[in-house]
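**Q** One structure follows; several queries about it will come next.
The values are calculated or read from the model by the stated rules, or taken from the named source; none is laboratory data. Remember, predicted model here, so these are calculated numbers, not experimental data. Every residue, glycine as well, gets a Cβ built from its backbone with ideal geometry; the counts of neighbours run over all protein chains shown.
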Amino acid sequence: MVDIVRKEWQVRIHWLDRFTIDAEDLERDNETEVPFKQINIKELLGPKFVKYKIQTQAWLIILNDDGSLFLPAGTGAGKTESIFVPVLDILLENKNAHILIMIPTKALSQDLDLRFRKMASNSELTIQLYNSSVSRKAKAKIRNKPREIMIITPDTLMGSIIGTRNEDWYEYLTRPSMIWIDEFHATSGTLGTALCYLIRSLYILNPSLRVFFTSATLPNTLEIASLFPFPSSIISGGSRHGEIQFHIGTIRDFEKVLDVMVRDDGQFLIFIENKRKIEDLITKIKSGGIDRYHADLPDNERHLILSKFSQNQLDGLLCTSAISLGIDIPGVKNIVFYGFPRSFSLLFQEMGRGTRDYNSRGNVYLLLDESKLIDLYYKSHLEELKRDINTHRSEPVIIDLLNKKILQGMVLFAIKLGLDTLEKLKENFQEAHNSTLLEQIITWLFIKGLITKNGDKYEYFKEAADEFLLDFIKNLRPGFPKFKIWAAQDGREVELGYIGAENIPYRACKGNYYIKEDKRYFIKEIDSNRGEIHVVQSKEHYISKNLVSSVVSLVNELKFKKYLDLGIRLADFKVQVRPKMLRNYENSETSEGTLIIEEKPSKYGGVFELNYETKGLLIEFAPVQNEPLNQMVLYQLAMILLQNARVMINVSENEVDCFQHHERRMLYFLDRSCPTGVSQQLYENIEEILLKTYQVLTACVCKGGCEKCSIPLESNFLQPNFNSNDIYRKEELLALLRRCLHESGSLE
Ligand SMILES: [Zn+2]
């Protein structure tokens with residue numbers, strides 16, 4: 001290596017706050033004798049391996065056949081060894097046993113696959129990775145000879161159970177001796193709820209099944225454990241990390257921080273949520289020691305970058321949260337956040353990628369992005385931020401056992417698995433049975449022609465039911481699929497990019513316009529099966545805005561509470577959305593240069609209707625006499641509340657839809673048509689969200705509102721250049737919130 005003589009240098013960074021997080025270590029345990037039958041711990045883990053108490057505890061529970069286990073422990077606590085080592089011992093001892101290891105993301109599966117292979121390399125055990133990154137040929141081979149350890153994602157497991165005609169493979173998938181769910185918190189919401197029911201069903205089929213759950217952030221472990229019918233132990237581990245200097249600044253100083261990173265001798269990770277921003281920055285950064293890591297890179301490139309980084313051939317990575325789960329790189333010293341991450345869980349998870357050794361020292365640089373509401377809020381509430389970080393605040397995992405949509409799929413799935421009598425279904429879906437929901441769901445399955453009855457038994461109608469279930473599983477992941485946009489150009493089609501599908505049935509419908517970089521494209525065709533939108537560039541200068549009418553009806557109230565002047569209801573809703581009119585405004589200039597805007601009625605009105613049933617939250621504001629409430633105030637309030645809720649309860653932006661009923665002063669927050677189970681969390685946290693919204697607004701120094709504390713006035717993604725006539729209505733919002741929160745005493 002060339003020796004570089006370093007010049008003296010100095011950067012001045014404006015820190016809002018700095019504090020130290022003390023190093024934490026786990027209790028060690030050298031005394032306890034653990035009765036491994038097949039494994040020699042020293043050989044397997046090396047002579048230097050230090051045993052922690054949580055590990056010997058987990059080993060004893062697993063080896064002594066002592067039921068199931070929950071192990072929530074911070075990063076660096078050795079959770080992987082806690083579970084994997086005794087599992088190896090059991091599998092070596094019992095040749096007929098096998099384990100399914102469910103890992104929520106593909107990237108983490110691949111990483112753990114390599115680690116497990118290393119650990120099991122001296123045994124006769126075989127590890128198989130079965131997910132969408134594996135070739136068809138390799139998958140077929142695995143199906144014919146599944147072995148002792150299989151790594152699989154929850155959705156692949158369910159999809160395979162439905163899709164297969166191979167009876168041995170079906171038996172293998174539905175009768176594991178053990179299941180290990182790693183990073184359980186990452187399945188929070190729809191996927192976690194489905195997973196909970198799947199585990200219950202498999203347990204009823206095979207009561208000797210043992211399930212091990214591990215997670216870095218699971219604040220509601222007791223509650224989650226109570227949802228499963230089997231006896232289980234909970235080991236609460238601490239976490240393990242070195243001393244961390246925590247710096248809070250703003251993204252204005254990003255370049256300076258980057259400069260510090262480059263000059264520092266430790267490796268660094270810079271977390272940036274936005275992939276495009278990462279690509280932008282990486283082209284500007286000239287240093288060869290820095291690369292990037294995100295889900296849009298091809299698998300092999302991503303692997304190569306990560307392995308270079310692990311071998312210390314790279315100094316730093318600009319990365320998304322794709323790297324945040326489980327991936328373990330000992331050399332990382334500095335962690336930078338470009339903006340506050342989506343949640344506290346993510347903040348801790350990502351912080352945990354660095355300073356993993358008790359004796360090490362490292363830094364975390366949290367650079368707040370003042371264009372975001374929550375960052376702005378924390379900028380003016382630094383004490384609160386500090387407290388939340390020091391007390392390890394994290395969001396609970398959401399399991400919503402009364403979610404109708406999920407029940408529709410999972411009851412059908414249970415019947416497929418052989419829970420085919422009412423008695424068995426009652427046992428599995430106890431909560432739904434107690435609320436009479438189970439009977440409704442079964443009736444619905446009859447009406448839809450997915451099941452029939454033969455004596456005491458429900459029969460599964462193979463083709464229709466399979467199709468329904470495969471579709472159901474595709475929608476289990478939060479968020480929506482992206483649609484690829486193809487534009488016709490000179491007789492061929494060119495890829496224009498992607499848009500999210502959340503609004504497609506009614507906003508991006510056929511005959512409307514899609515606008516990108518000042519060009520307007522006419523939407524010719526939407527192919528939802530292939531996830532494609534076909535467009536052709538339009539010569540005419542149109543701007544268009546679609547009007548939709550939404551009818552939201554409350555079907556069944558589940559919970560009600562009153563908070564000051566607000567009525568808050570959790571309920572089942574029915575939603576109908578239909579385009580009232582697609583308005584096309586034609587801009588043409590007259591000879592005098594004036595602009596004529598002409599409104600054209602749409603011929604597509606009413607064609608693309610969207611109906612769905614879901615769960616949601618309704619807020620009713622008490623009426624104030626002689627004081628009409630402006631519709632836009634309610635609209636803006638809904639948007640701001642949702643922005644704050646996103647950060648407070650870890651709701652991603654595609655998971656909640658909001659509607660309003662302005663005459664009756666009501667706001668609805670609904671789970672999307674593919675439900676997420678977040679409305680319950682919204683219901684429980686709404687007072688805090690309202691209060692935070694008030695504080696965000698008052699914390700901003702602007703008069704009347706600005707894009708920081710309020711929302712961008714027109715945020716329809718199809719119309720980035722559309723200028724709404726609306727204005728910021730901060731004063732009216734504040735007045736409304738003050739009335740809502742009047743007696744709370746928490747306002748100054
Ligand atoms: Zn403002």
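**Q** Given (1) closer than 16 Å to TYR365 by Cα; (2) touching a Gly at 6+ places or on another chain (Cβ under 9 Å), where does ASP259 come up short, assuming only one miss?
**A** The failed condition is (2).
**Q** Report those helices (runs of 4 or more DSSP H) wholly inside the stretch 337-445 carrying at least 3 residues which are closer than 30 Å to ILE21 by Cα.
**A** Values: elements: 344-351, 373-380, 382-390, 404-417, 422-428, 430-434.
Qualifying helices (runs of 4 or more DSSP H): 344-351, 373-380, 382-390.
**Q** So which of ASP420, ASP388 is among the acidic types (Asp, Glu), free of Cβ contacts under 8 Å to residues at least 60 places away in the same chain and under 30 Å from SER160 (Cβ atoms)? Before the answer, list the steps.
**A** Values: ASP388 fails: under 30 Å from SER160 (Cβ atoms).
Just a single option satisfies the conditions, and that option is ASP420.
**Q** For the stretch 120-148: of the residues being crowded, with 17+ Cβ neighbours inside 10 Å and in contact with a Ser or Thr (Cβ under 7 Å, 6 or more places away or on another chain), which is nearest to ILE39 (Cα to Cα)?
**A** Checked the stretch 120-148; the qualifying residue nearest to ILE39 (Cα to Cα) is GLU148.
**Q** For TYR170, indicate whether it is without any contact (Cβ under 8 Å) to a residue 12 or more places away in the chain and either crowded, with 17+ Cβ neighbours inside 10 Å or touching a helix residue (DSSP H, G or I) at 6+ places or on another chain (Cβ under 8 Å) (or both). Please lay out each step first, then the result.
**A** Working: without any contact (Cβ under 8 Å) to a residue 12 or more places away in the chain: yes; either crowded, with 17+ Cβ neighbours inside 10 Å or touching a helix residue (DSSP H, G or I) at 6+ places or on another chain (Cβ under 8 Å) (or both): yes.
Taking the combined requirement at face value, the residue satisfies it.
**Q** Is it the case that the stretch 509-526 has a residue that's more than 28 Å from CYS658 (Cβ to Cβ), at pLDDT below 70 and more than 29 Å from the chain's Cα centre (by Cα)?
**A** Yes, the conditions are met somewhere in the stretch 509-526.
**Q** Out of LEU642, LEU637, which single residue is at pLDDT 80 or above and more than 16 Å from the ligand (Cβ to nearest atom)?
**A** Working: LEU637 fails: more than 16 Å from the ligand (Cβ to nearest atom).
The match here is LEU642.
**Q** Say whether the condition of being at pLDDT 95 or above, assigned to a loop (DSSP other than H, G, I, E, B) and within 18 Å of ILE101 (Cβ to Cβ) is met by at least one residue in the stretch 153-167.
**A** No, the conditions are met nowhere in the stretch 153-167.
**Q** OK, next. What are the residues in the stretch 680-714 that are more than 16 Å from the ligand (Cβ to nearest atom) and either outside any helix (DSSP H, G or I) or modelled with pLDDT of 85 or more (or both), if any?
**A** Answer for the stretch 680-714, where residues must be more than 16 Å from the ligand (Cβ to nearest atom) and either outside any helix (DSSP H, G or I) or modelled with pLDDT of 85 or more (or both): LEU682, TYR683, GLU684, ASN685, ILE686, GLU687, GLU688, ILE689, LEU690, LEU691, GLU714.
**Q** Is one or more of the residues making up the stretch 101-121 under 16 Å from LEU209 (Cα atoms) and in contact (Cβ under 8 Å) with a residue 12 or more places away in the chain? I'd like the intermediate steps shown before the answer.
**A** Here is the first cut: in the stretch 101-121, the ones under 16 Å from LEU209 (Cα atoms) are 101-102.
Right, trim to in contact (Cβ under 8 Å) with a residue 12 or more places away in the chain and you get 101-102.
Yes, the stretch 101-121 contains a residue that is under 16 Å from LEU209 (Cα atoms) and in contact (Cβ under 8 Å) with a residue 12 or more places away in the chain.
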